[in-house]
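Report on the structure given below.
Quick note: the coordinates plus some simple rules give every number you see, no bench work behind them. The structure displayed is predicted, hence computed values, not measured ones. Please note: Cβ atoms are built from the backbone with ideal geometry, for glycine as well, and neighbour counts cover all protein chains shown.
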Amino acid sequence: MVSPIVIIGTGLAGYSLAKELRKLDATIPIVMISRDAGDFYSKPMLSNALCAKKSAASLVLKSSVAMEEELSVRILSHTQVVKIDLQAHCVHLEGGGNQFYSTLVLAMGADPIRPVLEGNGVDSVLSVNDLGDFSLFEKSLAELEARNTSRNVLILGAGLIGCEFANDLLARGFNPTVVDVANRVLERLLPPQASRRLQTRLENAGAAFRFKAAVVSVNRSAAGLAVEFSDGTAMRCDLIMSAIGLKPRIGLAAQAGLEVQCGIVTDGKLMTSDPRVFAIGDCAEVGCSVLPFVMPIMFQCRALAATLTGTPTVVKYPAMPVTVKTPACPTVVCPPPSRAEGAWEVLEADDGLEALFSDSTSPDRALGFALQEKSVLKRQQMAARVAT
Ligand SMILES: Cc1cc2nc3c(=O)[nH]c(=O)nc-3n(C[C@H](O)[C@H](O)[C@H](O)COP(=O)(O)OP(=O)(O)OC[C@H]3O[C@@H](n4cnc5c(N)ncnc54)[C@H](O)[C@@H]3O)c2cc1C
C-alpha cells in the first residue's frame, strides 16, 4: 500500500496545503495529524473576537469531521506526534502507534514566547495563540465581569498582537495598559510618526502605554495582581496577557536531525534538509525568513502543492501588506525587509498618514510602506510600487 502524504498540523498552513493539493489531485491519500481538536478557524480573528462578539465556540468555522469530508483526508485529532523517524519514514504518536509517510509536511506553528518573571502570580499570565487559549482568556474576562470590580488588563508587548488585543479589550469595556521595552508601538514595523498616531488614537479610546520598561515580577494579592517593573515602578491589575512574540516549533525537527535555525530551515521549494520532508507556516524558515502571517502561508501552500503533485515550484512572494486590526486607527503595513538600508518618507494629514520606505542606494526603489486611517484605501496602489 502507498503511504500517504502526512501533514502535521491542522492550522491555516496544514488546511491550506490540503485544499491546494485537492485542487490538483482528487485522490492522492492525505493524513493530517493534530494535537488539538482539528477544528478549522481563522486565527487572526482571535484578536478582534471581542469586538465581533465571538466566543471560542462560534469562532469555529468547520469541525474537523466536516473538514475530513470536504477535503477527503483522514484527520487524527487530539493526537500528538512525539518523534519523527527519517530513516523509517514514519512519525511516532503519543500513546503508541506509528504513521508512515511518502512525504511529510511540518505545519506545526509556533509557541508564544514566555516572559521570564519572578513571583507567585507568574502562572496567571495568559497568552492567546489558539482556540484553547482564547477559551481561557474569555473565561477570565467573564469572571472579572461577574465580580464587577476593576477591569485592568496589562498587556506585555506593544507589537501588532498587543495593540490589537488592547483595542479589542476596549470594545468589551476593559482598561488595557500596554508595556514594552521598546520606545514605541510597532517599533520594528512602522515609522515613528505612524507609531505615534496609533498610540494616540488608542490612548484617546482609553488605553495606556508604558515604554522602555519590562515587567520583572507578578504576585497575587487580595486586590488582584501586583506587578513590578524594571524601572522600579509598580501597578495593580486584574489580568495579564503576554504578546511578546512567537518562536517556531522546531523541537521535533531538531531531534530528528533536520536543519533548524530560528525555524525549520527550508529551501525555496519548502524542502527541509531531508528531501522527503517539507515545512510551511509559522514553524518554517524559508530562505532565511520566518514570516508568521497569512499571505506568505497561502503562497507557500500553492507552491508546495504544485511541487508535491509533480511540478517543482519555488515559492515567490509579491508585496504582502498586513492589516493591523485596530479600529481606533486603521493601519496597513508592508514592512521593509529586516536588514534593508533606506529611509521612510512620511506624509501626514489630519485624516490619514502615508509612509514609503525607499532603498538608500536606489531611492526610486520602494521597499515598504505604511498607511493609516483614510490612506489605507491606497493599499493596492502602494503594494504595486513595492519591489519584491
Ligand atoms: C492573535 C493572532 C492574530 C493574528 N492576526 C493576523 C492577521 O491579522 N494577519 C495575518 O496575516 N496574520 C495574523 N496572525 C498570524 C497567523 O494567524 C498565523 O501566521 C497562522 O495562523 C499560522 O498558521 P500555522 O498553520 O502555521 O500554525 P497554527 O495555526 O499554530 O497550527 C499549528 C498546528 O500544529 C499542530 N501541532 C503542533 N505540534 C504538534 C505535534 N507535535 N503533534 C501534532 N500536532 C501538532 C497544532 O495542533 C496546530 O494544529 C495572527 C496570529 C495571532 C496569534
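For the chain, give me the percentage of DSSP beta bridges that are antiparallel, rounded to the nearest 5 percent. Working shown, then result.
Working: 47 of 81 bridges.
About 60 percent, rounded to the nearest 5.
I'd like the distance between the alpha-carbon centres of segment 337-368 and segment 1-36, rounded to an integer number of Å. Centre-to-centre (Cα) distance: 40 Å. Using equal-weight Cα scatterers in the Debye expression, the normalised intensity of segment 283-388 in log10 at q = 0.11, 0.13, 0.20, 0.24 Å⁻¹ is -0.41, -0.56, -1.06, -1.28. Under a 5 Å amide H cut-off, with hydrogens placed 1.01 Å from N, Thr79 pairs with Ser34, Arg35, Asp36 among residues at least 5 apart or on other chains. Sorting Tyr317, Tyr15 by the number of Cβ atoms found within 10 Å of their own Cβ, with the fewest placed first, yields Tyr317, Tyr15.
With no solvent and one point on each alpha carbon, what is the Debye value of log10 I(q)/I(0) for segment 122-242 at q = 0.22 Å⁻¹? Normalising to I(0) and taking log10 leaves -1.37. So what does the Cα-only Debye profile of the chain read at q = 0.14 Å⁻¹, as log10 I(q)/I(0), no solvent term? Each listed q corresponds, in turn, to -1.29.
For Ala110, the residues whose amide H sits under 5 Å from its own are Arg249, ignoring neighbours fewer than 5 places away on the same chain, with H placed 1.01 Å from N.
For the set Lys43/Lys139; Lys43/Lys325; Lys54/Lys139; Lys212/Lys374; Lys325/Lys378; Lys325/Lys374, the pairs lying more than 20 angstrom apart at their alpha carbons are Lys212/Lys374.
What number, rounded to the nearest 500 deg cm²/dmol, is the helix-based mean residue ellipticity at 222 nm of the chain, given -39500 (n - 2.57) per DSSP H run of at least four residues and division by all its residues?
Per the formula, -7500 deg cm²/dmol.
In the chain, the longest principal axis of the Cα atoms and the axis of helix 12-24 are about 40 degrees apart.
Between amide H atoms placed 1.01 Å from N, distances below 5 Å from Ile7 occur with Val31, Met32, Ile33, Val105, all of them 5 or more places distant or on a separate chain. Between the Cα long axis of helix 131-147 and the first principal axis of the chain there is an angle of about 30°, rounded to the nearest 10. With a simple spin-label model that places each label point 7 Å from the Cα along the Cα-to-Cβ direction, the separation between Thr27 and Val314 comes to 3.4 nm.
Suppose we look only past 15 Å in the calculated P(r) of segment 184-284. What percent of the Cα-Cα pairs does that tail hold? Result for the distance tail: 74 percent. The angle between the Cα long axis of helix 294-308 and the longest principal axis of the Cα atoms of the chain comes to about 10 degrees, rounded to the nearest 10. Please give the Cα centre distance for segment 180-250 versus segment 67-129, rounded to the nearest Å. Each part reduced to its Cα centre gives a spacing of 30 Å.
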